[in-house]
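No lab work stands behind these numbers, since they all come straight from the coordinates. Because the structure is a prediction, the values reported are computed rather than measured. Positions of Cβ are backbone-derived with ideal geometry, glycine not excepted, and every protein chain shown enters the neighbour counts.
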Amino acid sequence: MADEPRDHPATLAAQALGLVDPTTRSIVPPIYPSATYERASDGSYPGGHTYTRDQNPTYEQAEALLTRLEGGQDALLFSSGMAAATTVFETLDTGDHVVAPVQMYWTIQRWLEDLASRGRIVLDLVPNGDQAALEAALRPGRTKIVWVETPANPSCAMTDIAATAGAAHAAGARVVVDSTLCTPVLCRPIEHGADLVMHSATKQLNGHADVLAGALITAQRDAQWERVIHDRGYRGAVLGPFEAWLLLRGMRTLFLRVPHSSISAQRIAEWLTTQSAVSEVFYPGLPTHAGHAIAARQMSGGFGMLLSFRLRGGASAATHVAGRLRLFKNATSLGGVESLVEHRAPVEGPGTRVPDDLLRLSVGIEVVEDLQADLEQALERE
Ligand SMILES: *Cc1c(COP(=O)(O)O)cnc(C)c1O
């Protein structure tokens, strides 16, 4: 990589790698809606593209930027975070063993439990960050994937990626990190030993709540990665070119949005700990958080836009506070420019591991005093 410019990641993102269209010299890339590409008279594809389910030129700049920001060798965009995550498991053979955390993005966990109940995989869930439990669960030669989500949604439980990778690699397993809550601004899992990084690009990577997208970034272009490429092309879980273009535009401001939201989230988390209506606050930036030491080691430049807190008044207080907030929109999802609140347990339904008095906040880029005032008026009557 000696001939690559050594610009800061924020500079690379702002300029989307600085690429300029060779024909028109436009600094904003065009959108390629074409589903198909012309062959030459000898049947070859001189443009390097065949059919949009396999490759679309609109993806290439966004994938190249993600590859650079995560420090990997290649990246692929998908039609959603779930499409990216499920593709990883599609590369497994029947009966392969998977270890995943107890606390993680709910829909991926339901998917894994469903695969396991149909005999497609063997699944063990281990408490987040519990190294002894992980080592006990690993089955050398049989465990193929150790799934990590850190901080985990919504409890912000932390996992040490390097320690996990050490144990997983010794057992012949690969480590996949759902790094949606960090983005490459706050953590680069490949530097800590991860084999694959997964993002719901719907969240802070795009950042404007107007695109559903996912991404995988690989540390190595190996046989497993070839399976991922094959699976995306065969199953067709691809992104539309317009969405890929919007995602690239969103990522240009990533390094402004993520630190801003993190600073505000830190301040709101600290303030919530002083509120009598609040019984517990979960945020990795709080020194009292169980995973703070790991977060301080593994994350840099902030602790993220997501935090959760529990209310002394129980589930009904959580419903009332969420309903009284005005600036925090009562909506699912996270990582947009506007702040959101969600009463999480009813969303996940029966079997959820989330306490029923927990509210999850996604902190946007509004003025933090306004957000705090909104929380203050909503908590006042509890
Ligand atoms: C939203 C989310 C996903 C799923 O991504 P979609 O783009 O909604 O399919 C996966 N993991 C985490 C941590 C998420 O927040």
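Stretching residue 293 away from residue 367 to a fully extended chain increases their span by 23.8 nm, per 0.36 nm per residue minus the current alpha-carbon distance.
Multiplying each eigenvalue of the alpha-carbon gyration tensor of the chain by 5 and taking the square root yields semi-axes of 35, 26, 19 Å, largest first, rounded to whole angstroms. Spatial offset of region 251-323 relative to region 133-205 amounts to 21 Å, using the alpha carbon center of each. Set Lys and Arg Cβ to +1 and Asp and Glu Cβ to -1, take the dipole of the chain about its Cα centre, and tell me which of 168, 364, 278 lies farthest positive. Final value for the positive-end residue is 278. What is the Cα centroid distance between region 338-382 and region 23-44, reported in whole angstrom? Computed from Cα coordinates, the inter-centre distance equals 46 Å. Rounded to the nearest 20, the Cβ-based charge dipole of the chain about its Cα centre (Lys and Arg +1, Asp and Glu -1) stands at 240 debye.
To the nearest 20 Debye, how big is the dipole of region 256-379 about its Cα centre, given +1 on the beta carbon of each Lys and Arg and -1 on that of each Asp and Glu?
On the way: 11 positive and 12 negative charges, 51 e Å.
For this selection, approximately 240 debye.
Estimated from the Cβ-Cβ distance and a Förster radius of 45 angstrom, the FRET efficiency linking residue 274 and residue 19 is about 0.40. Enter the angle in degrees (range 0 to 90, nearest 10) between the Cα long axis of helix 161-170 and the first principal axis of the Cα atoms of the chain, meaning the one along which they spread out most. Relative to the chain, helix 161-170 is tipped by roughly 60 degrees.
The Cα-based radius of gyration and maximum Cα-Cα distance (Dmax) for region 299-345 are 12.1, 37 Å.
Model label sites at residue 235 and residue 107, defined 7 Å from Cα along the beta-carbon direction, differ in position by 1.3 nm.
Here r is the Cβ-Cβ distance between residue 28 and residue 114 and R0 is 35 Å; the resulting FRET efficiency, rounded to 0.05, is 0.25.
Applying the criteria of a DSSP loop state and at most 16 other Cβ atoms within 10 Å to the GluC sites (Glu not before Pro) of region 27-84 yields 38. Among 181-191, 26-36, sorting by the average number of other beta carbon atoms lying within 10 angstrom of each residue, highest first, gives 181-191, 26-36. Just want to confirm a number: the relative contact order over the chain, from Cα pairs under 8 angstrom separated by 6+ residues, in percent. Relative CO of the chain lands at 16 percent. Here the simple spin-label model places points 7 Å from the Cα toward Cβ, and for residue 51 and residue 353 these points are separated by 4.1 nm. Only one residue of 157, 22, 109 has its Cα farthest out toward the positive end of the dipole of the chain, where Lys and Arg carry +1 and Asp and Glu -1 on Cβ, and that residue is 109.
The C-alpha atoms of the chain define a longest principal axis, and helix 254-272 lies at about 20 degrees to it.
Summing +1 for each Lys or Arg and -1 for each Asp or Glu among the other residues whose beta-carbon sits under 11 angstrom from that of residue 159 gives -4. Between the Cα long axis of helix 314-324 and the first principal axis of the chain there is an angle of about 70°, rounded to the nearest 10. Dipole orientation for region 256-379: of the candidates 258, 373, 354, 354 has the Cα lying most toward the positive pole (charges on Cβ; Lys, Arg +1; Asp, Glu -1). Among the trypsin sites (Lys or Arg not before Pro) within region 299-371, those in coil by DSSP and having at most 15 neighbouring Cβ atoms inside 10 Å are 312, 326, 353.
Please report the antiparallel percentage of DSSP beta bridges with both residues in the chain, rounded to the nearest 5.
Details: 24 of 43 bridges.
Taking every DSSP beta bridge with both residues in the chain, the antiparallel ones total about 55 percent.
At an R0 of 45 angstrom, the distance between the Cβ atoms of residue 332 and residue 39 translates into a FRET efficiency of 0.50.
For the chain, give me every cysteine whose Cβ has no other Cys Cβ within less than 4.7 Å, ordered by residue number. Result for the chain is 156, no neighbouring Cys Cβ within the cutoff.
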